[in-house]
Amino acid sequence: MAAVVNGMNVPTEQDFHRAITERASHWYSLCLKITRDAHLAEDAVQDALISAWTKRHQFEFNARLDTWISRIAVNSALQLLRKRHPERWQVLESEVRDTSAGHFEQRHAAELDASLGVALQQLSEFERICFVLKHLQQWRLQEIADLLDTNLGRTKQGVYRATQKLRMSMLHLRSEA
């Protein structure tokens with residue numbers, strides 16, 4: 001969904017309502033992956049929406065409104081985690097499921113989710129965040145580095161280490177397939 005902006009290139013209330021209607025569950029799922037806490041995820045999305053609304057004049061109209069809010073939501077989730085657990089970040093335990101798939105697909109997806117959840121627990125907080133943003137959210141490496149206030153090399157290394165650890169942890173799925 002590309003944002004439609006008024007003559008002043010500022011998203012309108014209608015733009016925000018449309019984005020919320022179409023993408024709120026996505027933002028919640030993303031924040032849940034980061035926080036592993038439903039209440040924190042809800043708070044992060046709410047904080048993100050309030051922040052996005054109050055800073056809507058900073059929105060660059062050549063970007064997508066839902067992507068811009070996603071980034072704000074990720075920042076909100078990370079800030080809440082840092083306040084709550086400054087010594088560590090929590091690991092993903094579950095996420096919102098797509099109920100449109102058939103029973104077999106749902107069962108397979110649930111097994112994959114469970115295996116991924118267990119495997120993600122073996123990662124460091126940095127590796128997990130890098131992996132989630134890169135492979136599950138399709139962020140560019142430089143965007144992840146900027147968000148985490150680190151350099152590109154460390155981010156690449158975090159994604160690589162996470163991928164290698166997950167491959168080893170989930171090796172059993174290949175033999176089952």
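Laid out as a table, the results:
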{"item": "Hits in segment 34-78 - residues which are outside any helix (DSSP H, G or I) and acidic (Asp, Glu)", "result": "Asp37, Glu60"}
{"item": "So Leu49, is it in contact (Cβ under 8 Å) with a residue 40 or more places away in the chain and either among the small types (Gly, Ala, Ser) or surrounded by 14 or more Cβ atoms within 10 Å (Cβ to Cβ) (or both)", "result": "no"}
{"item": "Options Val159, Val118, Val132: the member that is surrounded by 12 or more Cβ atoms within 10 Å (Cβ to Cβ), aliphatic (A, V, I, L, M) and more than 16 Å from the chain's Cα centre (by Cα)", "result": "Val118"}
{"item": "Those residues of segment 24-39 which are among the charged types (D, E, K, R) and closer than 13 Å to Val74 by Cβ, in sequence order", "result": "Lys33"}
{"item": "Test: residue in segment 21-42 that is farther than 22 Å from Glu125 by Cα and more than 15 Å from the chain's Cα centre (by Cα)", "result": "yes"}
{"item": "Any hit, segment 63-72, residues being polar (S, T, N, Q) and farther than 26 Å from Arg140 by Cβ", "result": "no"}
{"item": "Residues (at pLDDT 90 or above and either touching a Phe, Trp or Tyr at 6+ places or on another chain (Cβ under 8 Å) or within 23 Å of Leu148 (Cα to Cα) (or both)) located in segment 1-25", "result": "Phe16"}
{"item": "Whichever residue in segment 144-153 is in contact (Cβ under 8 Å) with a residue 12 or more places away in the chain and assigned to a helix (DSSP H, G or I) and, among such residues, is farthest from Arg128 (Cα to Cα)", "result": "Leu147"}
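The values are calculated or read from the model by the stated rules, or taken from the named source; none is laboratory data. What you see is a predicted model, and the numbers here were worked out from it, not measured in a lab. Backbone-built Cβ (ideal geometry, glycine too); neighbour counts: all protein chains shown.
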